[in-house]
Amino acid sequence: MNHITALNLTSKTHSTKDQIISLLSNQWPLNAKEIHNKIQREFGGELSYQSIHKTLGELEKNNILAHNGQGYELSKSWISNSKNFFTELETRYFDTPEKYKIYPNFEGKIRFEFSDFSQFCVTMAQIFSSGVLVGDSQNVGFGLLRHAWWPFNFSFTNFELLKEIGRTNKDAYVIVKENYPFDVWIVNQYKKVGWHTIITDSKDAEYENDIGVQGDSIWQAKFSDETKKLMDAVYKRNANLGDLFQEYVRQSLKKYPVHIEVTIEKNPTAAKLLLRGTVKKYFGVEIND
């Protein structure tokens, strides 16, 4: 299965744009009528020819498709960018810098800085799944987030990382302040790994930065104003992984510089108080020792 097909596993959950890309990744060139007939036959639904024609025009305008005189095909520059996407992602995913490593039994405060949102998401996920922040306490935690975290430069192997977090952090309480389309999609992925204690659209949350607790440790992530603008824009105009992938190909994610400061402090007493107070306030649940 190629990466384009992998973005479109089911016909009911993905857009017409995704279906067209999936078709043309396996057979090309195809004219508009052929594409319309194949979508009707292979994906079902009641899409009109006019709707398909309009979508083809949008994809061609965004340089995802090209028309070679005989029909439509995937743009070679788009395919090249897609290849670069996964090459870059492989480098990021398998070469996590040592500067983000946390050793067992650490004490005091640790500070990290990130200039890449995807690296931030993957690194924090790896830290949480490792259990290094738990210490001597039970592995219970919460996260209060402006937006649900999800790497922009996404690999399908990150689904396995998400499953690992769900497996090792079953008692997780998540509060997401916003409720943009991409927030909704991400929260559904969280729920699939077993996190059902999630509240969304909680704009009255009192913390300015993303903050949370895991075991003995308190963590906090401070996003620059430019990073917040980037996240707001991306989360508002994208509704699924296919949309996000096309964002990357168009290079629109590089518009804003990213700066994220993360502070992690091992403080069992403060962590316990913050955990108990927050979970009781938002979820009505008593956390016992």
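Our estimate of slack between Thr263 and Lys229, defined as 0.36 nm per intervening residue step minus the Cα-Cα distance, is 10.1 nm. Each of Glu60 and Ala270 was given a label point 7 Å from its Cα along the Cα-to-Cβ line. The distance between the two points is 6.0 nm. The base-10 log of I(q)/I(0) for segment 93-283, evaluated at q = 0.17, 0.20 Å⁻¹, reads -1.20, -1.74 [Debye formula, identical scatterers on Cα atoms, solvent excluded].
Per 0.36 nm of contour for each residue apart, how much would the distance between Val285 and Arg111 grow if the chain were fully extended, relative to their Cα-Cα spacing?
Numbers: separation 174, 0.36 × 174 = 62.64 nm, distance 3.09 nm.
Net length gain for the segment: 59.6 nm.
Rounded to 0.05, the FRET efficiency of the Lys203 and Asn68 pair, given R0 = 51 Å and the Cβ-Cβ distance, is 0.55. The alpha-carbon of Lys54 sits under 24 angstrom from the alpha-carbons of these lysines, leaving out residues fewer than 8 places away in its chain: Lys12, Lys17, Lys33, Lys38, Lys76, Lys236.
How high is the FRET efficiency from His53 to Ser15, r the C-beta distance, R0 22 Å, rounded to 0.05?
On the way: r = 16 Å, r/R0 = 0.71.
With a Förster radius of 22 Å, E is 0.90.
Each reported figure results from applying straightforward, stated rules to the coordinates on display, with no laboratory input. Please read these numbers as outputs of a predicted model, since none were measured by experiment. Here Cβ is always computed from backbone atoms with ideal geometry, including for glycine, and neighbour counts include all displayed protein chains.
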